[in-house]
Amino acid sequence: MTLATPSKRAAPDGMADPPPLRDTLTRLGLTADKRFGQHFLLDLNICRKIARIAGPLEDQVVIEVGPGPGGLTRALLEAGAQVIAVEKDARFAPALDDLATNFPNRLTALTTDALKLNETAMLRDYAGGIGARVVSNLPYNVGTALLLKWLLGPWRPEAMTLMFQKEVALRIVAPAGGSDYGRLSVIAQTLCETRLVMELPARAFTPPPKVASAVVNLRLRNERPDDRLVAALETVTGAAFGQRRKMLRSALKQLGGEQLCRVAGVDANARAETVPVPGFMALARAWLEQSA
């Protein structure tokens, strides 16, 4: 893919701090676009708190998806990060371009779709090919898809500090035994240590969404299961939670049902939401061996 030319302009001596975000939005005539799931976080104190949670960021490469007018971007830059901001909505290019003048050679702003982005190529082109972490207030409509891309795709971040709708954040960190626990919980917790680190009410955003939001910190586990086992886990959890009201003997019937559960040492009469992560890993191993 072809990436946009990055914004890297030297700031003149004596340049003042960037203007308030509301002033930037007014000056550029920018409003949130529902098509992109946009809700702006304009409170710089909250943005700085998120940057601190994600830190230390001094001299670290950070990918930010959906920066909008650049509130969190500014906080990341203030924390010393080298930021690559990926924004699908070209209307925000001038705002990010202006911000780049205040942090010379520290901000690269790309206008492209993060779901289609080749992060490995991007980091090779703009960060010397080194690793990076992701810190983002993710657009609501693509948050889960982006998380799964980074968990399961060929490029994996060193760590992630991500804001989601609260209901999605709760699913990521949920333990077995409740309605929030599901396929996303199992996959995320298998591959990462997950923590819910901040909750934000709707009024913290402009315009306020209809739901609350929350920030989740995810750190990759030191030992990642083999890719074939991860793929098997995707298959097993997809079947189990696709019919979560059924007992595993029925939900997993196409994968071996009761026999699969017996080999894995998992109760075939259990429902998916009661099976902890190690149980699903055992089911994935058993199915992988059975399919070999």
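The values are calculated or read from the model by the stated rules, or taken from the named source; none is laboratory data. Treat the numbers as computed from the prediction; the structure is a model and nothing was measured. Here the Cβ is made from the backbone with ideal geometry for all residues, glycine too, and neighbour counts use every protein chain on show.
Table for the structure above
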quantity	calculated
Every residue from the range 57-84 that is farther than 17 Å from residue 156 by Cα and among the acidic types (Asp, Glu)	58, 59, 78
Helices (runs of 4 or more DSSP H) (entirely within the range 183-292) containing at least 2 residues that are among the acidic types (Asp, Glu) and over 30 Å from residue 47 (Cβ atoms)	227-242
Residues located in the range 121-142, provided they are in contact with a Gly (Cβ under 8 Å, 6 or more places away or on another chain) and either crowded, with 18+ Cβ neighbours inside 10 Å or free of Cβ contacts under 8 Å to residues at least 60 places away in the same chain (or both)	123, 136, 137, 138, 139, 140, 142
In the range 30-67, the residues that are in a loop (DSSP other than H, G, I, E, B), surrounded by 21 or more Cβ atoms within 10 Å (Cβ to Cβ) and either at pLDDT 90 or above or small (Gly, Ala, Ser) (or both)	41, 57, 60, 66, 67
Pairs, first assigned by TED's automatic domain parsing to the domain that holds residue 282 and buried (at least 17 other Cβ atoms within 10 Å of the Cβ) in the range 232-252, second of a type in the set (D, E, K, R) and in a helix (DSSP H, G or I), C-beta under 6 Å, six or more apart	237/183; 241/183; 249/258
Complete set of residues in the range 96-130 that are of a type in the set (A, V, I, L, M), in contact with a helix residue (DSSP H, G or I) (Cβ under 7 Å, 6 or more places away or on another chain) and over 23 Å from residue 80 (Cβ atoms)	114, 115
Test: residue in the range 30-45 that is in the same structural domain as residue 213 (by TED's automatic domain parsing) and touching a Leu at 6+ places or on another chain (Cβ under 6 Å)	yes
Residues (under 19 Å from the mean Cα position of the chain (by Cα) and touching a residue at least 60 places away in the same chain (Cβ under 8 Å)) located in the range 85-110	109, 110
Enumeration of residues in the range 26-44 that are under 18 Å from residue 99 (Cβ atoms) and either charged (D, E, K, R) or free of Cβ contacts under 8 Å to residues at least 60 places away in the same chain (or both)	26, 27, 29, 43, 44
Search result, residues across the range 170-200 that are of a type in the set (Gly, Ala, Ser), modelled with pLDDT of 95 or more and in contact with an Asp or Glu (Cβ under 8 Å, 6 or more places away or on another chain)	174, 176, 177, 182
Pairs with Cβ under 6 Å, 6+ apart, first in the range 149-174 and touching a residue at least 60 places away in the same chain (Cβ under 8 Å), second surrounded by 21 or more Cβ atoms within 10 Å (Cβ to Cβ) and of a type in the set (Ser, Thr, Tyr)	163/213
Only listed residue being of a type in the set (D, E, K, R), touching a helix residue (DSSP H, G or I) at 6+ places or on another chain (Cβ under 7 Å) and modelled with pLDDT of 95 or more, chosen from 262, 228	228
Hey, residue 77 touching a residue at least 12 places away in the same chain (Cβ under 8 Å), buried (at least 16 other Cβ atoms within 10 Å of the Cβ) and not small (Gly, Ala, Ser) or not	yes
Selection count, the range 152-198, where residues are loosely packed, with under 15 Cβ neighbours inside 10 Å and either among the hydrophobic types (A, V, I, L, M, F, W, C) or over 30 Å from residue 245 (Cα atoms) (or both)	2
